[in-house]
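The next block holds one structure in the form of structure tokens; read it before the comments.
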Amino acid sequence: MIIGSIFAFLNGGCWPIWTVLFGKFLNLFAEFYTYGTDPAENLKLSQNISYYVLGFLALGLYAFFTNYISNVLWLLASENTVGKIRDKYFRALLKQEISYYDRNQTSSLSLNADIELVKTGEEKMAMFISSIGQVVIGLAFAFWAGWKLTLVMLAVTPLLGIIGAIFQRLIATRTAKGLKLEVKVNEVASETLSGIKTVYSFVGEALLSKKHSQLLQRTIDNNVCKSHFQALSLAFIFFIIYAIYAFGFYYGGRLIHDGEIPPGSLFTILISILMGSLGLTTLALAGTDIAKAKGAAARIFDLLDRVPEINATEEVGVTLPNIYGKLSFQDIEFTYPTRPDTPVLRKFNLDIAPGQTVALVGQSGSGKSTIVQLIERFYDPAEGSILIDDVNIKELNLPWYRRNVGLVSQEPTLFSGTIKENILFGNPDATMEEVEEAAKLANAYEFIMSQTKGFDTKVGEKGTQLSGGQKQRLAIARAILKNPKILLLDEATSALDSESESLVQDALDKLMKGRTTIMVAHRLSTVKNADVIVVMKKGKVVEIGNHEELIELNGLYTSLVNKQMVYSEKKIKNSLKKSSTQQLKKSSKQPHRKSRKLLM
């Protein structure tokens with residue numbers, strides 16, 4: 001950048017040097033007409049002309065090298081900077097806490113638009129510095145050639161700066177507004193495409209197209225207004241430049257008439273100031289791109305400089321020689337950052353022994369899934385503490401701790417790639433034999449091998465090429481490969497059909513052996529075999545015990561079980577009724593078909 005800036009400034013002197021050479025060249029012709037046919041003077045003039053021709057050639061080489069070196073170095077710097085920013089930005093995103101993503105939509109965190117603005121602004125730096133050199137060196141030569149005319153012309157040139165500043169402010173305002181509108185347009189497009197199945201199922205294409213079009217039209221109207229400002233800016237600038245020249249020719253002609261400057265100096269002064277004015281114009285245009293880059297860089301550095309409340313990648317804190325899986329919740333108070341007025345957990349207390357299987361049950365909104373997220377340390381409680389083997393999890397090395405905690409959720413996330421790559425996400429250092437063993441324990445091996453490419457089968461974006469049960473079993477295989485000491489199951493089977501649930505539950509039973517397991521579930525078949533069932537209501541523990549003990553209490557748990565049994569009975573009756581109706585319809589058609597055959 002430093003070397004590129006030096007050569008860019010030197011490159012700005014090309015036009016001023018050219019005006020001096022050309023001014024001297026014009027003076028030679030003035031002398032030619034003065035001396036007329038004097039052979040000696042004409043020979044001297046011819047020799048001087050040859051020197052100036054060589055001077056123009058040398059200026060061409062000077063322009064070539066300064067231009068090339070300044071631009072290539074700034075372009076290289078731009079590419080390096082962009083690469084580093086992309087890497088640092090992505091790393092900064094990965095270390096933010098979950099609440100940051102709750103407050104910021106993923107689509108608005110995309111840095112492609114901002115990084116392009118930074119890149120464009122940095123590429124324009126060579127032009128910007130070159131323009132500064134053009135203005136400074138041009139003014140220096142203009143004063144050297146004739147200070148009176150230069151001062152008079154400079155007295156009116158501030159109009160250029162005033163006009164440029166006014167329009168640059170207007171353009172910058174419109175640019176900032178346009179960027180915000182573009183973010184909204186991109187959000188609508190991103191949400192629509194990511195949820196395309198939902199859009200199709202609700203026939204929402206027209207509604208979302210209309211919303212997208214309206215936002216797009218607002219963006220277009222804003223950018224058209226900005227274009228008018230840009231066009232008016234250039235129009236005013238060139239009008240003022242030509243007006244200044246009209247005045248310069250008038251006053252310069254009087255100075256030549258009075259013998260204060262030669263004709264060539266008038267040309268040098270006018271062209272130097274013209275090039276300086278054009279340099280100011282270029283400064284304004286390049287300055288607009290650089291201002292955009294500064295705005296974009298500010299947004300990027302806001303994230304780079306942000307100190308996360310929970311640093312997901314920071315390797316600091318305590319590491320224990322072994323995790324036994326003892327968990328203790330002590331007076332936990334918690335509200336989500338996006339809903340600070342809605343308490344989720346209120347003085348929540350619970351002790352879990354190593355190796356226990358604990359089921360959390362309760363109505364929606366009682367705080368069950370929140371417990372899972374607090375154990376993963378996606379969030380920290382507002383008050384109280386969570387202890388792992390009598391150590392506060394805030395004191396533990398977070399990456400190390402999370403390596404010892406496994407999570408299988410209701411909607412497992414698979415990454416675009418192969419089945420093998422997704423299972424290896426649990427332990428990138430595992431061997432192929434370990435991957436296969438994990439797949440077998442997760443009841444996934446058979447369906448994997450039935451695929452054409454086996455473990456090298458592509459799962460599609462977010463696993464769209466697989467069924468819900470298949471995705472869930474791959475998630476379990478991933479958790480098995482991780483070999484966690486604490487296992488969290490958040491509605492792991494609730495979204496599956498009966499056949500898939502049986503396979504997944506069998507895989508989960510294998511996974512839970514020898515681990516402390518906390519499961520969130522609604523289905524009686526899932527929770528009744530747990531060592532301890534914790535019944536929650538409004539963020540508090542209201543009942544605790546095993547299935548038989550809680551049934552004897554005849555409390556909230558019994559009520560939930562009864563409701564589920566009634567629902568299951570209705571479902572079975574409806575299924576039997578539907579089946580019998582179909583059989584009646586089928587049997588009623590049989591005699592009709594037989595009679596048709598007899599008639600034929």
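The values are calculated or read from the model by the stated rules, or taken from the named source; none is laboratory data. Note that the structure is predicted; figures quoted are calculated from it, not measured. In this analysis, Cβ positions are derived from the backbone assuming ideal geometry, glycine residues included, and neighbour counts consider all displayed protein chains.
Among the candidates A298, A312, single out the residue that is surrounded by fewer than 21 Cβ atoms within 10 Å (Cβ to Cβ), within 30 Å of P399 (Cα to Cα) and at pLDDT below 80.
A312
Would you mind finding the one in S130, S99 that is in contact with a Ser or Thr (Cβ under 9 Å, 6 or more places away or on another chain), at pLDDT 85 or above and small (G, A, S)? Please lay out each step first, then the result.
Numbers: S99 fails: at pLDDT 85 or above.
Unique residue meeting the criteria: S130.
For the range 288-297, does any single residue satisfy the condition of being in contact with an Asp or Glu (Cβ under 6 Å, 6 or more places away or on another chain) and in a helix (DSSP H, G or I)?
Yes, the range 288-297 has at least one match.
From the list A284, A298, A246, which residue is touching a residue at least 40 places away in the same chain (Cβ under 8 Å), of a type outside the set (F, W, Y) and assigned by TED's automatic domain parsing to the domain that holds I132?
Numbers: A298 fails: touching a residue at least 40 places away in the same chain (Cβ under 8 Å); A246 fails: touching a residue at least 40 places away in the same chain (Cβ under 8 Å).
On inspection, the qualifying residue turns out to be A284.
Restricting attention to the range 146-165, does a residue exist that is closer than 30 Å to C14 by Cα and charged (D, E, K, R)?
So the first thing to find is which residues in the range 146-165 are closer than 30 Å to C14 by Cα, and the list is 146-165.
With charged (D, E, K, R) added as a condition, the list becomes 148.
For the range 146-165, residues closer than 30 Å to C14 by Cα and charged (D, E, K, R): present.
To keep it simple, each residue is scored yes or no on (1) among the hydroxyl-bearing types (S, T, Y); (2) at pLDDT 85 or above; (3) out of contact with any Lys or Arg (no Cβ under 9 Å at 6 or more places or on another chain); (4) surrounded by fewer than 10 Cβ atoms within 10 Å (Cβ to Cβ).
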position: L508; (1), (2), (3), (4): no, no, yes, no
position: I518; (1), (2), (3), (4): no, yes, yes, no
position: G555; (1), (2), (3), (4): no, yes, yes, no
position: V561; (1), (2), (3), (4): no, no, no, no
position: K573; (1), (2), (3), (4): no, no, yes, no
position: K577; (1), (2), (3), (4): no, no, yes, no
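From I261, I241, which residue is of a type in the set (A, V, I, L, M, F, W, C) and assigned to a loop (DSSP other than H, G, I, E, B)?
Of the residues listed, the single one that is of a type in the set (A, V, I, L, M, F, W, C) and assigned to a loop (DSSP other than H, G, I, E, B) is I261.
Would you check if there is a residue in the range 200-214 being exposed (fewer than 14 other Cβ atoms within 10 Å of the Cβ), modelled with pLDDT under 80 and assigned to a helix (DSSP H, G or I)?
Yes; the residues of the range 200-214 include at least one that is exposed (fewer than 14 other Cβ atoms within 10 Å of the Cβ), modelled with pLDDT under 80 and assigned to a helix (DSSP H, G or I).
Which condition breaks for G384 when tested against (1) under 18 Å from I518 (Cβ atoms); (2) in contact with a helix residue (DSSP H, G or I) (Cβ under 7 Å, 6 or more places away or on another chain)?
All conditions pass for G384, except number (2).
Looking only at the range 198-245, count every residue that is of a type in the set (K, R) and more than 25 Å from L285 (Cα to Cα) and tell me the total.
Final tally of qualifying residues: 2.
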